[in-house]
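Undergrad: Before anything else, here's the structure in question.
Since every read-out is calculated from the coordinates, none of them should be taken as a lab result. Since the structure is predicted, the reported quantities are computational estimates derived from the model, not experimental observations. Reconstructed Cβ throughout: ideal geometry from the backbone, glycine too, with neighbour counts over all protein chains shown.
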């Protein structure tokens, strides 16, 4: 099946489906974060103590967990075109031309999606008013979330 055939058959994903997929994606992310935090403790041999916090170590742990989340999304989007949650809700991420995203574009989209969430979800709510149901980060990156 050609790239144009894929994009012609697929319809834009509704915002509620995206949120449902995001909720599903929390479960594999939690598992990855637990493993990542366990590796962190093994490497640094310290457990975070809330009474005597080491702010630098805590900030680095947060950054490490963010890197794990980024890897989950970037690898899923580039290899399969969908995360586990997106597959459950029959969603796929494609470029405007119907091809898969590459690592650079997926990384850019991840960062912009975080900014969309940080702005009280405004980047996502934009999809309610967009004729193609695209979010801010989809518009900027030239991607679209489609329902198969």
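Undergrad: Based on the mean of other beta carbon atoms within 10 Å per residue, what is the order of 108-115, 141-148, most packed first? The partial results should precede the final answer.
TA: Numbers: 108-115: 17.5, 141-148: 19.4.
Output ranking for 108-115, 141-148: 141-148, 108-115.
Undergrad: As I understand it, the value is the acute angle between the Cα axis of helix 55-79 and the longest principal axis of the Cα atoms of the chain; what does it come to in degrees, rounded to 10?
TA: With rounding to tens, the tilt is 30 degrees.
Undergrad: Would you mind telling me which residue in 138, 97, 62 has the biggest mean-square fluctuation in a Gaussian network model of the chain, where springs connect alpha carbons within a distance under 10 angstrom?
TA: The residue that fluctuates most here is 62.
Undergrad: Give the order of 33, 77, 16 when sorted by the count of other beta carbons within 10 angstrom, beginning with the fewest. Before the final figure, lay out each step's value.
TA: Details: 33 18, 77 25, 16 9.
Sorted ascending by nearby Cβ count, the order is 16, 33, 77.
Undergrad: How far is helix 15-44 tilted off the main Cα axis of the chain, in degrees rounded to 10, range 0 to 90?
TA: 30 degrees
Undergrad: Rounded to the nearest 500 deg cm²/dmol, what is the calculated helix-only ellipticity per residue at 222 nm for the chain, with -39500 (n - 2.57) per DSSP H run of length n ≥ 4?
TA: Working: 7 runs with 93 residues, N = 148.
So the calculated ellipticity at 222 nm is -20000 deg cm²/dmol.
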